[in-house]
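All remarks here apply to the structure that follows.
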Amino acid sequence: MLHSFIQKAKGVKSVNAKFKRGIFIAVSLLLFLGLIFAGIHHLNDYPIEQISQGSKDAESVQVQSRYPSVDIVTRTQDVDGIRIHEQFPEFQTPRLNQMMQNFVDHERQKFAEGVEASRASRQSLMKPYYHLYFEIYPLGTGYYSFVMHTEKDYAGANPEIHLQPYIVDLSNDSIVDAKQLFSEDYYADLKAYLLDQLKADEERGSFIIDEIYEQYLAEHHLGEQLVLTHDKAEFVFEAYAVGARAAGEPVVALTHEQLAEYLTDDAVKKLGEITENKVLAEREETVTKRKAPELPPNMPSVVTHNEQAGKKVAITFDDGPHPENTPAILNLLDQYGAKATFFMLGSTADFYPDLIQKVARAGHEVGNHSWNHPQLTLLDDQRIQEEVNRSDQVFEQELGYRPPLMRPPYGDFDERVIQQVHKPLVLWSIDTLDWQSHNPQAILQIVKDQLHDGAIILMHDIHAETVEATRLVLEYLSSQGYEMVTVSELFE
Ligand code: NI
């Protein structure tokens, strides 16, 4: 609020520069008083936030990403009752960030148009679904490769999946134009080779159709399909791009040496530079394996609260960890002698592994919230297990054990999910709607209105406003004589 007020003030000021000096001073004085008033007003609303903002540079703790110069952004929004979940990379340079923003906006726009177009045919119970996520592959110094995935499901039928690979060059704040890497002389050979490989796949090769492949490559360059990793080159194709739906999303993998045969001489040198050394040094200290904390013996397979717990509540934070908000929340929990449970996304925890340890060392509970937040009931059994296992591996590397609790994204589950996840599913009894309101007072009010013994409270540490809300909620719960415990402790 103060920020936008200052921006407005700046705008007004430049106009006033044309006026005579006296008027200018008078208007400036009014603006100045207005700023002071706005400041005082703001200070009354959120004193802690103001104070911490004032000392931000000096004291705020920003945890470093394990991928140098790249962070991960998670956004949850509600658009006309449709829940949108997006994860995308954030860079420290303007051009790449703008490029990414354009991609994110463009995909969202296409989804909005698809929702509009399918409105008439959609059955009322089926909700459209939007999910944007990505894979990151660190390459040589300053180079990364990304594959952006967008899933758009308009009517609960087959989702539309869009794959978009990028190779970025941080030192030039630019995207590497992979099309330029290929030699025209050998391009036809590469096309033929990839088609052979696609058709050689035992399971799905018979669904590849030559005409569809030719048609697709008349409109797309193979450079657009290239995903470089430090040890291989993959050509990825979307569903329907090269065959029938049953062909899935086929991938052909080549070694760097194989790929080099189809590149220009310059590109071969460049390829060496891009993939030269692995940026991502393996984290050296891997915690020794140990047994996961034991769950209370009578914990049910699905929990929302525990009314037998007495004056205890479990605060839970989903979708993180976040490099700034999570440390700030840890400080607050410490101040109030509170324990909480953090249901982390594996994809995000992978960016900030130090936070996994930090949370656990402070006596809080780490839980699994899937790898990248899909609606689990829409996935087949194998993909449900992958969502759980891939995250568990990241947690195990830092904690020495696999967290015993799971919170399914959106609280969405069925019998099959219970079977496949094989951990107690933790839902909630108080939804603070922090992701929607972004308003600490509104969040506190929901807790006040719905508070009960043994409650499980849902919040999200990816939102800056939730930090202040946490302080208000902790203050209130303490004043009401509640003990703040982990989910497991709530069932002891
Ligand atoms: Ni979530």
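Within the range 63-84, is even one residue assigned to a strand (DSSP E or B), at pLDDT 85 or above and more than 16 Å from the ligand (Cβ to nearest atom)?
yes
All but one of (1) touching a residue at least 40 places away in the same chain (Cβ under 8 Å); (2) touching an Asp or Glu at 6+ places or on another chain (Cβ under 8 Å); (3) under 21 Å from Y133 (Cβ atoms) hold for S347; which doesn't?
For S347, the failing item is (2).
Looking for something more than 12 Å from the ligand (Cβ to nearest atom) and open to solvent by less than 50 Å² (accessible area, probe 1.4 Å) - is there at least one such residue anywhere in the range 372-380?
yes
How many residues, within the range 396-416, are part of a helix (DSSP H, G or I), free of Cβ contacts under 8 Å to residues at least 60 places away in the same chain and within 16 Å of the ligand (Cβ to nearest atom)?
Number satisfying all stated conditions: 1.
So V388 passes all but one of these: (1) open to solvent by 40 Å² or more (accessible area, probe 1.4 Å); (2) assigned to a helix (DSSP H, G or I); (3) out of contact with any Pro (no Cβ under 9 Å at 6 or more places or on another chain). Which condition number does it fail?
(1)
Of a type in the set (S, T, N, Q), away from the ligand (no atom under 12 Å from the Cβ) and over 30 Å from L472 (Cα atoms): does that describe Q357?
No, not satisfied.
For every residue, the table says whether it meets (1) of a type in the set (D, E); (2) in contact (Cβ under 8 Å) with a residue 40 or more places away in the chain; (3) in a strand (DSSP E or B); (4) surrounded by fewer than 17 Cβ atoms within 10 Å (Cβ to Cβ).
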position: R108; (1), (2), (3), (4): no, no, no, no
position: L132; (1), (2), (3), (4): no, yes, yes, no
position: M148; (1), (2), (3), (4): no, yes, yes, no
position: L194; (1), (2), (3), (4): no, yes, no, no
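Could you please let me know if Y401 is in contact with a Lys or Arg (Cβ under 7 Å, 6 or more places away or on another chain) and more than 19 Å from H305 (Cα to Cα)?
Yes.
Please report, ordered by residue number, the helices (runs of 4 or more DSSP H) entirely within the range 417-492 with at least 2 residues that are open to solvent by 60 Å² or more (accessible area, probe 1.4 Å), polar (S, T, N, Q) and in contact (Cβ under 8 Å) with a residue 40 or more places away in the chain.
Ranges flagged: none.
Matching residues to (1) within 16 Å of the ligand (Cβ to nearest atom); (2) modelled with pLDDT of 95 or more; (3) crowded, with 24+ Cβ neighbours inside 10 Å; (4) closer than 16 Å to V366 by Cα:
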| residue | (1), (2), (3), (4) |
| --- | --- |
| H305 | no, yes, no, no |
| K311 | no, yes, no, no |
| D319 | yes, yes, yes, yes |
| E324 | no, yes, no, no |
| A328 | no, yes, no, no |
| L333 | no, yes, no, yes |
| G337 | no, yes, no, no |
| A340 | yes, yes, yes, yes |
| L345 | yes, yes, yes, yes |
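Assess whether D201 counts as being among the acidic types (D, E), under 16 Å from L226 (Cα atoms) and open to solvent by 20 Å² or more (accessible area, probe 1.4 Å).
no
Please report, ordered by residue number, the strands (runs of 3 or more DSSP E) entirely within the range 231-342 with at least 2 residues that are more than 30 Å from Y476 (Cβ to Cβ), without any contact (Cβ under 8 Å) to a residue 60 or more places away in the chain and under 29 Å from the mean Cα position of the chain (by Cα).
233-236, 251-254
If R361 meets every condition in (1) open to solvent by 30 Å² or more (accessible area, probe 1.4 Å); (2) modelled with pLDDT of 95 or more; (3) within 18 Å of the chain's Cα centre (by Cα); (4) of a type outside the set (G, A, S) apart from one, which number is that one?
If we test R361 against (1) open to solvent by 30 Å² or more (accessible area, probe 1.4 Å); (2) modelled with pLDDT of 95 or more; (3) within 18 Å of the chain's Cα centre (by Cα); (4) of a type outside the set (G, A, S), just (3) comes out false.
The values are calculated or read from the model by the stated rules, or taken from the named source; none is laboratory data. Keep in mind the model is a prediction, meaning the values are calculated, not measured. For neighbour counting, all protein chains shown are included, and Cβ atoms are generated from backbone atoms with ideal geometry for every residue, glycine included. Note: accessible area is taken over every heavy atom of the protein model, side chains too, but ligands, DNA and RNA are not part of it. Shrake-Rupley method; radii C 1.70, N 1.55, O 1.52, S 1.80 Å.
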